[in-house]
1. Between region A:316-394 and region A:420-463, what is the C-alpha centre distance in whole Å?
2. Can you give me the span-like helices of chain B, meaning DSSP H runs with 30 Å or more of Cα extent along the axis and Kyte-Doolittle mean at or above -1.0?
3. Across region A:269-278, in residue order, what do the Karplus-derived ³J(HN,Hα) couplings come to in whole Hz, using 6.51 cos²θ - 1.76 cosθ + 1.60 with θ = phi - 60° and x for Gly and Pro?
4. Can you give the angle from 0 to 90° between the axis of helix A:418-427 and the longest principal axis of chain A, with both taken from C-alpha atoms, to the nearest 10?
5. Lys/Arg Cβ at +1, Asp/Glu Cβ at -1, dipole of the protein assembly as shown taken about the Cα centre: which of A:252, B:347, A:209 is farthest positive-ward?
6. State to the nearest 20 debye the size of the charge dipole of chain B about its Cα centre, where the only charges are +1 on K and R beta carbons and -1 on D and E beta carbons.
7. How much FRET efficiency would the formula 1/(1 + (r/R0)^6) give for residue B:257 and residue B:428, where r is the Cβ-Cβ distance and R0 is 35 Å, rounded to 0.05?
8. Give, as a single signed number, the net charge of other residues whose beta carbon lies under 13 Å from the beta carbon of residue A:361, with Lys and Arg counted +1 and Asp and Glu -1.
Amino acid sequence: MTRTARSARRALLAACLLYGGAAQAQPGGRSSSTVDIPTLPLVRYTLPNGMTALLSEDHSAPVVALTVWYHVGSKNEKPGRTGFAHLFEHMMFEGSENVATGEHRRLIQSLGGTFNGSTTEDRTNYYETLPSNQLEMGIWLEADRMATLLTRVNQERLDAEREIVKNERRLRVDNQPFGVASEVTSAAMFPASNPYSWPVIGSMTDLSAASLDDVKDFFRTYYSPNNATIAISGDIDIARTKAMLDRWFGPIPRGPAIERPRVPATTLAAEKRLVLEDSRARLPQLQISWPTVGVHSPDRFALDALSSVLTLDRTSRLRKVLVYDRQLATNVFAFDNVNEDAGYFQVFVTPRPNASLTEIENVIDSVIAAVKAGPLTPAEVQRVKNYAAVSTVTGLQFRIARAEQLASGLVFDGDPLSYRTDLTRAQAVTPAEVQRVARQYLGAGRVVLSMVPAGKLDQVSRPNLPYTNVTPPAAAAAATPARGTN
Amino acid sequence: MTTLTRARRTLVAAAALVGAAMAAGAHAQTLDRSRRPTVPAAAPFRMPAVEMRRLSNGIPVAVVQNHQLPIVAVRAVIDAGALQEPPEKAGLAPLTIAMLTEGTTTRTADQLAEAFADLGNPVTAAGFTTITRNFDRSVELMGDLLMHPSFPEAALARNKANTAAQLRRLREQPSFLADHVFNAVLFGPAHPYARVATEQTVGGITRADLVAFHSDWLRPQNVKLVVVGDVTPDAAVRGLERVFGAWPAGGKTASFDVPAARPAAPTTIYLLDRPNSPQSTVLVGQVGPSRDTPDYYALETMNTVFGGLSGSRLNSNLRERHAFTYGANAGLQWRRVPQVSTLRGQSDIVAAKTDSAIVEWLGELRGIRGERAVTPAELAFAKDNRTASLPLRFETVTQVAQEVANLLQSAVPIDFWDSYAQRIGGLSGPDLAAVATKYLDPQQSVIVVVGDRRVIEPGLRALNLPVQVVDENGAPVAG
């Protein structure tokens with residue numbers, strides 16, 4: 001039903017639309033020819049109540065996708081009330097004045113459609129793909145919950161959804177070995193006052209404390225048309241679609257102006273070393289994270305290229321050494337995670353059994369030191385761009401991916417077609433820039449997280465350096481029987 | 001602290017504004033939202049036209065033209081899987097396939113990687129998706145992988161070691177453990193469907209095994225190709241013939257004779273202890289018919305009422321009504337004709353409610369068999385979902401390629417989808433109850449629970465069902 005930020009991001013990465021990258025592919029490095037990147041047709045306008053509409057017409061399949069973005073995420077929460085944006089996403093599927101509890105999903109499915117919603121730190125979206133003749137049903141459903149949700153929100157439903165969200169957390173976090181890795185990393189990377197320091201799914205204690213009034217206030221503050229963007233892509237008629245939007249969304253009154261949280265840039269003065277134990281794990285893992293930049297920084301393109309230079313394929317620098325030459329790891333993956341106001345660069349390693357995390361960390365450090373010392377070759381930066389150009393075209397297949405691209409471009413870049421300019425900017429990245437961002441961002445201030453099976457603290461990377469054991473109480477209890485029986 | 005202050009200020013301002021806005025909205029609102037829009041009828045949906053061709057050496061090629069975007073998807077359906085492995089070499093098939101990208105007789109693995117990077121798309125033995133102009137070059141690389149692997153010894157050693165590590169990590173996952181135990185108890189531990197690669201079986205695989213497996217099974221008679229996208233059938237076949245037409249005959253032809261499953265037994269709970277699991281992973285299921293059964297349509301549609309979607313009965317009960325789980329679903333795992341299928345549901349249940357969830361689950365099984373007859377609304381829901389969703393199923397080039405590959409993989413006639421809507425449309429409520437009664441039996445089901453035994457065992461023991469504690473391979477353990 002719902003996805004929290006990390007999995008949503010992974011899904012988008014898989015769709016390759018966030019890849020960044022270039023429109024220039026060079027087959028064989030011999031001749032350069034431009035990959036033709038389709039420009040999505042676009043009609044953009046704003047309703048009198050402030051809602052932005054992005055319409056993209058394409059009749060090549062009798063399918064339409066719509067997505068409604070509310071520019072609110074866990075970043076808009078306050079300490080002590082975390083998890084709200086995501087809990088709210090659940091409430092949005094529990095009915096509104098003219099849609100009974102549970103009816104939303106059954107109605108969409110009976111129309112042959114699919115739906116979901118997702119919450120990140122920065123935004124929440126609700127989306128449907130439908131046979132194109134059903135477009136107005138999708139619009140009606142989305143408008144009904146924007147206009148009338150609070151007529152159906154009650155204590156009983158709130159209590160039930162809280163339990164379902166707790167089950168979601170158990171599934172994704174608590175029952176997974178090292179499932180808390182990303183939240184302990186965020187908590188170490190950002191000061192507690194920074195809204196990126198808490199997980200999107202929030203604290204279960206906070207969720208339990210949420211009152212019906214809290215939920216209602218959240219809706220009134222953030223679920224207004226002036227905080228929403230609707231993107232519709234597929235087999236539509238522009239004039240008729242505009243009429244549908246006017247009819248169902250037009251009468252919804254404008255809400256209050258929204259004060260956006262100002263999130264200061266983050267750097268770490270020094271290295272933080274963390275250790276996580278888990279009784280259910282059989283092998284260790286290692287993760288290193290550096291604070292980087294948000295979506296508005298032009299450096300994100302070079303950081304993205306840097307991640308690929310390190311681990312894109314078997315010839316990439318870090319993958320080559322760790323997986324192929326030294327064979328210390330079964331896999332390694334580097335990526336630059338970009339949020340609206342901040343980001344982090346992460347290297348994640350799954351070691352071979354018996355490989356030393358210390359040795360792996362040494363290799364990572366030496367490979368990054370070599371990137372900083374330079375120079376990088378044009379070829380190792382170019383290959384990244386070739387992949388990005390092709391995957392941008394293949395990533396436009398699903399109408400929902402196009403709608404999401406348009407909404408994301410507008411909300412974060414002010415340009416629905418930013419996937420094209422992003423490609424151009426990524427293509428312009430030079431080896432020297434990749435080297436510069438490595439020097440600038442991959443410095444001493446970082447979070448090194450050693451994840452080891454419970455009790456195997458001897459496997460921690462550089463165990464003689466001071467570290468903080470961030471193992472949650474539940475997993476610590478997990479270690480108890482092992483100590484008792486051995 | 002500053003964040004908190006700012007947020008409080010925002011909320012106060014918001015509350016004031018919302019009061020005013022809602023008053024204005026109430027005045028302006030004359031729209032009757034309870035009157036749902038009437039939508040136009042859907043235009044008749046035409047299934048993508050599949051053109052079947054053959055290469056000169058007999059390899060069937062399915063081509064579907066789709067010019068939405070300048071892209072092409074190619075898929076290879078290869079009958080060289082777990083059923084073709086010697087039992088003591090479990091893991092040989094995926095290892096052989098993985099080793100195809102480790103070098104060919106004319107290209108090293110690094111040269112292959114360079115070639116993929118020049119194109120901007122990876123190519124594997126299973127196929128690729130790329131821009132139209134990369135089609136011919138990608139086909140050539142795909143052919144090189146499939147036909148001319150060099151299987152370097154050093155790469156094999158690395159792949160074996162990595163596979164062993166991955167197998168160990170898999171056993172950290174409750175879903176893998178549940179799956180493995182389920183197949184072992186449902187089919188029997190020695191059955192091919194219950195076989196999994198282990199560090200021991202993978203450790204014993206040699207380069208000679210790979211060479212033999214490749215020589216035996218990666219042959220034209222075991223291969224089918226699918227091309228979908230911005231290409232004509234003539235151009236597609238020309239490009240494939242140039243590369244794959246030279247693939248020499250020989251080797252063996254894959255067969256799909258599989259030993260019978262264990263006879264069904266009275267419903268038993270197989271409990272695998274996974275200490276400190278806040279949720280229990282629960283599977284409930286049994287053996288089903290082959291993909292070519294005439295009951296296929298009724299079974300799938302019955303399952304849509306029972307557990308296939310979030311709007312189905314199982315999820316409505318376990319998630320919506322009881323909040324035991326984040327989600328529950330059930331489905332049919334079809335295999336290539338003539339093999340049997342598996343009917344199976346799965347959910348991750350909060351530990352303390354594991355027994356309650358099983359009670360509800362078995363109740364839903366009795367319900368769909370007739371205690372709670374399928375209502376006209378449920379029947380319409382399931383049939384409408386299955387037929388109205390066809391445009392979404394074939395929306396993109398990669399989806400069409402996958403659907404066609406699935407038909408070829410399952411040995412189902414290529415015109416399967418042409419009569420699909422009609423077959424679904426003819427189903428009645430009693431048709432659904434009949435297949436539920438025939439195939440779903442709450443008295444002869446396998447229930448696998450992977451969870452924290454200390455927390456959940458007392459409740460499970462109180463259910464008046466046999467409880468068998470098992471190990472990671474589904475074998476009974478004392479206690």
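1. 8 Å
2. Qualifying helices: B:2-28.
3. For region A:269-278, the Karplus-derived couplings read 5, 8, 6, 10, 10, 10, 10, 10, 10, 8 Hz, x marking Gly and Pro.
4. Helix A:418-427 sits roughly 20 degrees off the main axis of chain A.
5. A:209
6. 1040 debye
7. 0.45
8. Details: positive: A:273, A:326, A:446, A:462; negative: A:271, A:359, A:365.
Residues near residue A:361 contribute +1 overall.
Values in this text are rule-based calculations from the coordinates and carry no lab data. Owing to the predicted nature of the structure, the values given are computational and were not obtained by experimental measurement. Note that each Cβ is placed from the backbone with ideal geometry, even for glycine, and that neighbours are counted across all protein chains shown.
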